[in-house]
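Report on one structure; see the data block that follows.
Bear in mind that the values in this text are calculations on the coordinates, not laboratory data. The model shown is predicted, which means the values in this text are computed figures rather than measured ones. Here the Cβ is made from the backbone with ideal geometry for all residues, glycine too, and neighbour counts use every protein chain on show.
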């Protein structure tokens, strides 16, 4: 007997909204609750646009980001890193970025009202099966991936057929 899994599409953040922030001086960034950093560790600055770690020496911003804007009690924001020269990642259908394979991840399922209706914690090697299982639930509109340990938002995940316009 074969098991059918829902096809998924990982959706990175676009680079455009962040580009002007790199032109601000450090005092202006601080006034907005942001910080400029120079990556000094090849695994410590995961960019939410490129879905890869910033290279050592690369300029990144650490900033607050509203990743789940909703009228429900589950509205959420958190700190993210964005690399100055990041190009938006466009993973293929059912493709998981290599960076995600190295971490324990929290997978959160939301309905169209923005309510959390399912969640799981998984390792990178079991991520596809976890996401597919949550997407099999008809009420699930999208998933959010977070680092399990620190809770940092990584990206949005949609059913492949719903992600065409993303």
Residue-span extension gain [residue 27 to residue 104] - 0.36 nm each, minus C-alpha spacing: 24.2 nm
Helix-only [θ]222 nm of the chain, DSSP H runs n ≥ 4, -39500 (n - 2.57) each, per residue, nearest 500: -2500 deg cm²/dmol
Candidates 56, 82, 96, ranked by Gaussian network fluctuation over the chain, Cα under 10 Å, top entry: 56
Ranked 80, 10, 38, 117, criterion: other C-beta atoms within 10 Å, fewest first: 38, 117, 80, 10
Relative packing of 106-113, 69-76, which averages over residues the other C-beta atoms within 10 Å, highest first: 106-113, 69-76
Among beta bridges that DSSP assigns inside the chain, antiparallel share in %, nearest 5: 95 percent
Fewest-first sequence of 32, 156 by Cβ atoms within 10 Å of each Cβ: 32, 156
Alpha carbon centroid spacing (whole Å) that separates the range 1-78 from the range 100-114: 15 Å
Inter-probe distance in nm under a simple model that places probes 7 Å from Cα toward Cβ, at residue 139 and residue 125: 3.4 nm
Cα Rg, Dmax (largest Cα-Cα span) when computed across the chain, Å: 16.2, 61
Cα gyration tensor category, rounded, prolate or oblate, for the range 19-83 with a/c compared to 1.5: oblate
DSSP bridge orientation in the range 19-83 - percent antiparallel, rounded to nearest 5: 95 percent
Cα gyration tensor shape for the range 70-166, rounded if a/c is under 1.5, else prolate or oblate: rounded
